[in-house]
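Report on one structure; see the data block that follows.
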Amino acid sequence: VIPLSLQRRVEGLLQEHLDRAQLKAENVGGSADDAMSTDQTGDISLDENKDSFPDHSVMERILQRRSLRMRNMQRAWQESPEGRKMMDFRKSLPAFKEKEMLLQAIARNQVIVISGETGCGKTTQLPQYILESEIESGRGASCSIICTQPRRISAMSVADRVSAERGEPLGEAVGYKVRLEGVKGKNTHLLFCTSGILLRRLLSDHNLNGITHVFVDEIHERGMNEGNFLDLLPRRQDLRLILMSATLNAELFSNYFGGAPTIHIPGFTYPVRAQFLEDVLEMTGYKLTSFNQIDDYGQEKMWKTQRQLVQRKRKNQITTLVEDALNKSSFENYSSRARDSLAHWMPDCIGFNLIEAVLCHICRKERPGAVLVFMTGWEDISSLRDQLKAHPLLGDPNRVLLVTCHGSMATSEQKLIFEKPPPNVRKIVLATNMAEASITINDIVFVVDCGKAKETTYDALNNTPCLLPSWISKASARQRKGRAGRVQPGECYHLYPRCVYEAFAEYQLPELLRTPLNSLCLQIKSLQVGSIGEFLSAALQPPESLAVQNAIGFLKMIGALDEKENLTNLGTYLTMLPVDPKLGKMLIMGAIFHCFDPVLTIVSGLSVRDPFLLPQDKKDLAGTAKSRFSAKDYSDHMALVRAYEGWKEAEREGSAYEYCWRNFLSAQTLQAIHSLRKQFSFILKDTGLVEEDASNNNKLSHNQSLVRAIICSGLYPGIASVVHRETSMSFKTMDDGQVFLYANSVNAHYETIPYPWLVFGEKVKVNTVFIRDSTGVSDSILILFGGALACGVQAGHLKMLDGYIDFFMDHNLAECFLKLKEELDKLLQ
Ligand code: CDP
Ligand code: MG
């Protein structure tokens, strides 16, 4: 087993490399502060290596000097005209009135819990108050504040905003860091990052040395952080922990931290009138009676099969149910089961057409002000946008500015959301629930709330993540409504009956209870805090023990943990890779077996998203375009590799645009895959798993069997057997469950698949269980690379990657494997 010291060293090296690259990128050569630029001290505040400065007096002098400089710069800004103007705005925020009280409370207590309406200034102001007051009192250079955000995009936009408020470029005193990306410099003392980044930091530094304040923002969405702090706090008496949220159950957190004080920042929001479906129907004159309207949530399905006919009948029943729900008294007579089915079908009922009708009503009849529409996901957003674009009023750019807001949008797009539209043009923002709490759009006066959010839920019993739109909580609904009252009194249209609202849960489940725990368990293991189960059971709302058992079982199966739940070599390497353990394993295997490039593309693709587009109205054309990349590989993963390589080629020839257009590919996604590839490859080079010499890493990249085998090694145990029956073909997973292929999988286009198995990355429950991307593999591959228990033959060869990592440097495994496979194929014939 690799000793931890080695792991630390590798991590340290990695960080050093990244920092160096960053410094290079920021081009910080000619800094005015000569003392700093000549003595190469680097990130004193945010990085640990204090030991390497034995001479404390020198260190202190440097710090003093930096602190002084920071104070001078801060004062200069505050006294400048722009600085004053900015200060006036900041003073108008509700948090400002509480500033002194908050600073005192933070100084006196190790942990405090702060609540306050969204927009009152928690995220942008509170960490900034600390920073300013530390700088003002001459301790600027020794303070180091971290503030976590639930999403990448909020970390980035908040850092941007706070630097602007301080009149500095991003990466000076304020910076951000999200997975594989960041802007921070040697003078950064306030860092906005995702919780994952803080977690990784904890991995390499159990005490968070050098950090003075940790803000955990939007704590209601939390992953696991609070558990980590319980044992850290006694060790770091000087560390301050501040938990913040707009919608939090303050008492729950306060109790968890031994009665930490709670502070509420009273907000000023203008009153917002809530209207429910019943009011909305009356207001718009929209009739919710016919089957057509029920089905118009972007779905014009043909009812082909028996099953669908049954569903259709059920939908008709649902219409009645909705109607009864509008009339509360009879709704209450329904059984809870009937109400559940309403919950399931509701998104279909509140069709796009209803949203369109509400938007038209606002544009025609209501006062000026921007509209924020909460949708469940990107797909819905883009379909609705297309529908609205075709509308005579809503699609008229002289009257309506239509923008979208979702997690995977580009930064340029993100800026549009905050922009002021020209006079007499109404801004309509279509957003996922990310606009609920983590970003603030100032000019919103109207909110349309569909009542659902697509969140990953986790079905521990079937060990399947589900991506279903589910009802939001009351807290979320209030929060959505609150978005309308920021500049003047507002209106909120909830597109569900009031009685349905009343049946909502008070708060949303924390993320810990909604996702499979594979990565998390691996990280806990490398934190060396003892047994995973025990550690997690100390969390505030611990996950089901079944979910924990599943995760541990999975990590053992892929060889990341041994029988005693200790990290194996493979596991240790996996903790260094910022990807899902499955994909991490695939990368490592690709490196070891000298077919790095294609595997790198596959892993990057699977971590970004599918670059193959599937427009609703051109599904067939898009499917055909994709299958052109398959070339009888029976593999979506290899189609991805070909598509990517084709794109690179087209780019060289200057025809990338046509290439994407012709092949239904998203240039943006391909670009993202491209940059992720670079970063993974960088990290792997740093861990020493791949060599600098690219030709050696790709000696065997052309070998299809091998690439297939590597895909299998990563995706196992995601396998399904291919069952041929006369004219039809079906797929069964190991636990005998039937699964279906996604419509745009290349494998869905074949009549037969000449492989007994398909390996797949993800199965998702959306009514029935679907598998997304799949690759056909042979028995021999599964035996050699799938792990034990595969197709009834004791395999075990590669179950533990451990042995391999130990000697891969001097043995040519790939050739061994190919020989072995040849013999096995003969044997199995
Ligand atoms: O965290 P919280 O929701 O309490 O508020 P915040 O994000 O700190 O934002 C405080 C105020 O700063 C908002 O009400 C906006 O007026 C303003 N702000 C902005 O103008 N631009 C941003 N990117 C973020 C905030
Ligand atoms: Mg905030």
Give the residues of the range 693-721 that are among the polar types (S, T, N, Q), in contact (Cβ under 8 Å) with a residue 24 or more places away in the chain and assigned to a helix (DSSP H, G or I), sorted by residue number. N696, N697, Q704, S705, S713
Entirely in the range 107-201, the strands (runs of 3 or more DSSP E) that have 2 or more residues that are modelled with pLDDT of 90 or more and not charged (D, E, K, R): 111-116, 145-149, 174-178, 190-194
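With the structure loaded, tell me whether K474 is at pLDDT 75 or above, under 30 Å from P543 (Cβ atoms), within 24 Å of the chain's Cα centre (by Cα) and surrounded by fewer than 19 Cβ atoms within 10 Å (Cβ to Cβ) or whether it fails that test.
Details: at pLDDT 75 or above: yes; under 30 Å from P543 (Cβ atoms): yes; within 24 Å of the chain's Cα centre (by Cα): yes; surrounded by fewer than 19 Cβ atoms within 10 Å (Cβ to Cβ): yes.
For K474, the condition - at pLDDT 75 or above, under 30 Å from P543 (Cβ atoms), within 24 Å of the chain's Cα centre (by Cα) and surrounded by fewer than 19 Cβ atoms within 10 Å (Cβ to Cβ) - is met.
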Count, please, the residues in the range 416-439 that happen to be surrounded by 18 or more Cβ atoms within 10 Å (Cβ to Cβ), β-branched (V, I, T) and more than 14 Å from ligand 2 (Cβ to nearest atom). 4
Here's a check for you: in the range 105-144, which residue that is polar (S, T, N, Q) and out of contact with any helix residue (DSSP H, G or I) (no Cβ under 7 Å at 6 or more places or on another chain) is farthest from ligand 2 (Cβ to nearest atom)? S137
What tally of residues in the range 640-661 results from selecting those that are among the hydroxyl-bearing types (S, T, Y) and surrounded by fewer than 18 Cβ atoms within 10 Å (Cβ to Cβ)? 2
With the requirement that a residue be among the hydroxyl-bearing types (S, T, Y) and closer than 22 Å to E82 by Cβ, what does the range 153-187 give you? S157, S163
Among the residues of the range 154-181, count how many are touching a residue at least 24 places away in the same chain (Cβ under 8 Å) and under 16 Å from the mean Cα position of the chain (by Cα). 8
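Return yes when K420 is in a loop (DSSP other than H, G, I, E, B) and at pLDDT below 90 and no when it is not.
For K420, the condition - in a loop (DSSP other than H, G, I, E, B) and at pLDDT below 90 - is met.
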Is it true that some residue in the range 327-349 is modelled with pLDDT of 55 or more, over 24 Å from E419 (Cβ atoms) and surrounded by 22 or more Cβ atoms within 10 Å (Cβ to Cβ)? no
Those residues that are in contact with a Lys or Arg (Cβ under 9 Å, 6 or more places away or on another chain), assigned to a loop (DSSP other than H, G, I, E, B) and surrounded by fewer than 23 Cβ atoms within 10 Å (Cβ to Cβ), I need them from the range 477-505; list them, please. Q488, P489, A503, F504, A505
Take the residues of the range 112-130 that are near ligand 1 (Cβ under 6 Å from one of its atoms) and polar (S, T, N, Q): which is farthest from the chain's Cα centre (by Cα)? Q125
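The values are calculated or read from the model by the stated rules, or taken from the named source; none is laboratory data. As the structure is a computational prediction, the values presented were derived from the model and not from experiment. Note that each Cβ is placed from the backbone with ideal geometry, even for glycine, and that neighbours are counted across all protein chains shown.
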